[in-house]
Amino acid sequence: MKVLVNWLLVVVCFLIVAPGAAFSAPAASEKAPSAAVSMVAVNNAGVKQLRALPGIGAVTAQRIVDYRQAHGPFTRVEDLLKVKGVGKQTLEKIRGRISLN
């Protein structure tokens, strides 16, 4: 019984010290991606738009543009694996945020 009372006191003290912390919404980094996340059309996007994708920096974005100019448009999302700097993990990070058109 004494242990239960001690735990209740700890919970009450926590709620007094930080009343919003116990029931607050998750932080922005913990939230699922919202529907407002814009898609990036890899066959039309420039370096700036490609850099907005997770795991794609300036060099890789430029390589995507260069590859597209040299070989034509990507016909499958998996074709991005042919670009140096885009591996399987990066492709999985961006798969839900890219389109071909």
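Observations, loosely collected:
- Verdict on Gln49 being at pLDDT 95 or above, within 24 Å of Val86 (Cβ to Cβ) and surrounded by fewer than 12 Cβ atoms within 10 Å (Cβ to Cβ): no
- Close Cβ contacts (under 6 Å, 6 or more residues apart or on different chains) running from residues in region 40-61 that are of a type in the set (Gly, Ala, Ser) to residues that are crowded, with 20+ Cβ neighbours inside 10 Å comprise Ala61/Leu50.
- Residues satisfying the stated conditions in region 53-77, i.e. among the hydroxyl-bearing types (Ser, Thr, Tyr) and within 16 Å of Arg97 (Cβ to Cβ): Thr60
- When the residues of region 52-95 are filtered to those that are in a loop (DSSP other than H, G, I, E, B) and among the charged types (D, E, K, R), the one that is surrounded by the most Cβ atoms within 10 Å (Cβ to Cβ) is Lys84.
- Close Cβ contacts (under 8 Å, 6 or more residues apart or on different chains) running from residues in region 79-96 that are at pLDDT 95 or above to residues that are among the aromatic types (Phe, Trp, Tyr) and part of a helix (DSSP H, G or I) comprise Lys82/Tyr67; Val83/Tyr67.
- Selection over region 56-74 of residues that are over 11 Å from Val42 (Cβ atoms) and not aliphatic (A, V, I, L, M) gives a count of 8.
The values are calculated or read from the model by the stated rules, or taken from the named source; none is laboratory data. Just so it is clear, the structure is predicted and the values come from calculations on it, not from any experiment. All Cβ positions, even for glycine, are placed from backbone atoms using ideal geometry, and neighbour counts span all protein chains on display.
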